[in-house]
Amino acid sequence: MTPARSNSTLILLGLAATIAAAGAGARSALAQVAVSTTARTTSTVPSTPDPADAAMRFLEDRVRRDPDDAGAHNKLAVRYLQRLRETGSLDYLDLALRAARASLASVPMTRNIGGLAALAQAEFASHEFAAARDHALELTKLDPGRGYPYGLLGDALLELGDYDGAASVLETMARVEGRLTVGGETRHAHLALLRGDVPGAQRHYSHALALARDLPEPPRETVAWCQWQLGETAFSSGDYEAAERQYREALATFPDYVRALASLGRARAARGDLAEGIELYERAVRRYPDPTFVAALGDLYKLTGRDRDAIAQYALVETIGHLSATSGALYNRQLASFYADHGFKAEEAYAGAAREYAVRPDIYGADALAWTALKANRIDEARAAIRDALRLGTQDARLFYHAGMIARAAGDEPASREHMKRALALNPQFDPLQASMLRASLGE
């Protein structure tokens, strides 16, 4: 099935125009991603037969025959969202939104809890966090005796920077469910990480993994996601060996899982194997050209002297970031941070981060605003924003690096060195390019 003029189709059309105007090196990289996008657009289900694919095709045929079948639309939306998690393809996000809205157009939310839940999840995946929050709040009123509405509400509140509100909602979720669940444990892990409780996050993710494995039919992607998150938690503390082990376990559970592929590339680079890091990032980008993956690949090319390849990847980041309304909403923060990291378009980066922070004032939005404000020479604003970013005590080397650079620009050299040394002590290879720049700033 091919969605009509989906977001990936728009991206493909934009890529074609960019390829025509690009230099030879950039054309090669852009063409590679265009081929990858074409493959996803023209065949939105894997070629290997799978019962889930057959069920999806059955439901698609059903809603074609009966467009008012709200239940079929709801089931389709859930399957599309799962495919989005598995593949990263924005086709499925667009399809999930359409299915949820079609369901609610047939049966209103007061009599269609499934449609409202699907819409809230799709809005969250689209980074429409305020809308997701509002619809999740409606769900807590319509279905107060179940835990999932509180989980959806907590997710949205975390992204909107309402951490106390999220913590309260997650406590309600735990009371309503009355037992440990995968969803509850992963959300508590996320909150623990934000609050700087790394051991607590590891404990919650381990519980979630055990619970997922104990299900009658353990969902492979959920198990792999928990393993990947355990790897991310280990990496954030500089334990690259443990991180690599978790990423490899995730890939054994769910082969070619793109999140784990990219993270394994980062871990291999952190352990000094830049060649394998490049190979793994190349595999990840072929499957899903997320701007973060593309930029990281460009950085590894740069560090290994492949400057033309690096330039091509950096051009591709901009192309992907700007091509459609959906990807723009998804990638605003990534694009602003990319510009700031690489010394490009300081005012554009700052403006993008400021717009994002106005609607999504979480700590990482504050960090992006601080970092871009520094690059735009708005030192006082950078200082205020980085204080906001550090307010929860989050143990993230990148935050400490940014705080150190901002303190230096403000003339506070002791604070600058303290923050930067803290970053290196916590996670000395938090980013291959940025960590090397940090060391240069310290004279190491």
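The values are calculated or read from the model by the stated rules, or taken from the named source; none is laboratory data. Given the structure is predicted, the values throughout are model-derived calculations rather than measurements. Don't worry about glycine lacking a Cβ; one is built from the backbone with ideal geometry, like all the others, and counts go over all protein chains shown.
When you scan segment 296-305, do you find a residue that is more than 30 Å from Arg85 (Cα to Cα) and either without any contact (Cβ under 8 Å) to a residue 12 or more places away in the chain or of a type in the set (A, V, I, L, M, F, W, C) (or both), even just one? So far as segment 296-305 goes, yes, one or more of its residues are more than 30 Å from Arg85 (Cα to Cα) and either without any contact (Cβ under 8 Å) to a residue 12 or more places away in the chain or of a type in the set (A, V, I, L, M, F, W, C) (or both).
Which of the residues spanning segment 136-154 are part of a helix (DSSP H, G or I) and within 24 Å of Ala189 (Cβ to Cβ)? Passing the criteria: Ala136, Leu137, Leu139, Thr140, Tyr148, Pro149, Tyr150, Gly151, Leu152, Leu153, Gly154. If you go through segment 39-81 and keep only what is hydroxyl-bearing (Ser, Thr, Tyr), modelled with pLDDT under 95 and either crowded, with 16+ Cβ neighbours inside 10 Å or closer than 24 Å to Arg220 by Cα (or both), you end up with Thr41, Ser43, Thr44, Ser47, Thr48.
Here is a yes/no grid of residues against (1) buried (at least 23 other Cβ atoms within 10 Å of the Cβ); (2) over 16 Å from Val258 (Cβ atoms); (3) modelled with pLDDT under 95; (4) in contact with a Leu (Cβ under 7 Å, 6 or more places away or on another chain):
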position: Glu276; (1), (2), (3), (4): no, yes, no, no
position: Arg283; (1), (2), (3), (4): no, no, no, yes
position: Tyr288; (1), (2), (3), (4): no, no, yes, no
position: Ala296; (1), (2), (3), (4): yes, no, no, no
position: Leu303; (1), (2), (3), (4): no, yes, no, yes
position: Asp309; (1), (2), (3), (4): no, yes, no, no
position: Ala315; (1), (2), (3), (4): no, yes, no, no
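Checked against (1) surrounded by 22 or more Cβ atoms within 10 Å (Cβ to Cβ); (2) at pLDDT 90 or above; (3) not polar (S, T, N, Q), Ile320 passes all but condition (2).
Listed here are the helices (runs of 4 or more DSSP H) enclosed by segment 51-118 that have at least 3 residues being small (Gly, Ala, Ser) and farther than 23 Å from Asp143 by Cα: 51-65. If the condition is being within 17 Å of Ser236 (Cβ to Cβ), part of a helix (DSSP H, G or I) and of a type outside the set (A, V, I, L, M), then segment 394-420 contributes Arg398, Phe400, Tyr401, His402, His419.
If we scan segment 205-214, do we find a residue that is over 25 Å from Ala166 (Cα atoms) and either among the aliphatic types (A, V, I, L, M) or out of contact with any Ser or Thr (no Cβ under 9 Å at 6 or more places or on another chain) (or both)? Looking for residues that are over 25 Å from Ala166 (Cα atoms) and either among the aliphatic types (A, V, I, L, M) or out of contact with any Ser or Thr (no Cβ under 9 Å at 6 or more places or on another chain) (or both), one finds at least one in segment 205-214, hence yes.
Can you say whether Glu413 is out of contact with any Ser or Thr (no Cβ under 8 Å at 6 or more places or on another chain), more than 24 Å from Tyr301 (Cβ to Cβ) and among the charged types (D, E, K, R), as far as the supplied structure shows? Judged against the criteria, Glu413 is a match. Based on what the data block shows, is Leu433 crowded, with 20+ Cβ neighbours inside 10 Å, in contact with an Asp or Glu (Cβ under 8 Å, 6 or more places away or on another chain) and in a helix (DSSP H, G or I)? No: the conditions fail for Leu433.
Would you mind stating whether Leu374 is over 25 Å from Leu158 (Cβ atoms), modelled with pLDDT of 95 or more and surrounded by 23 or more Cβ atoms within 10 Å (Cβ to Cβ)? Yes; evaluated as a whole, the condition is true for this residue.
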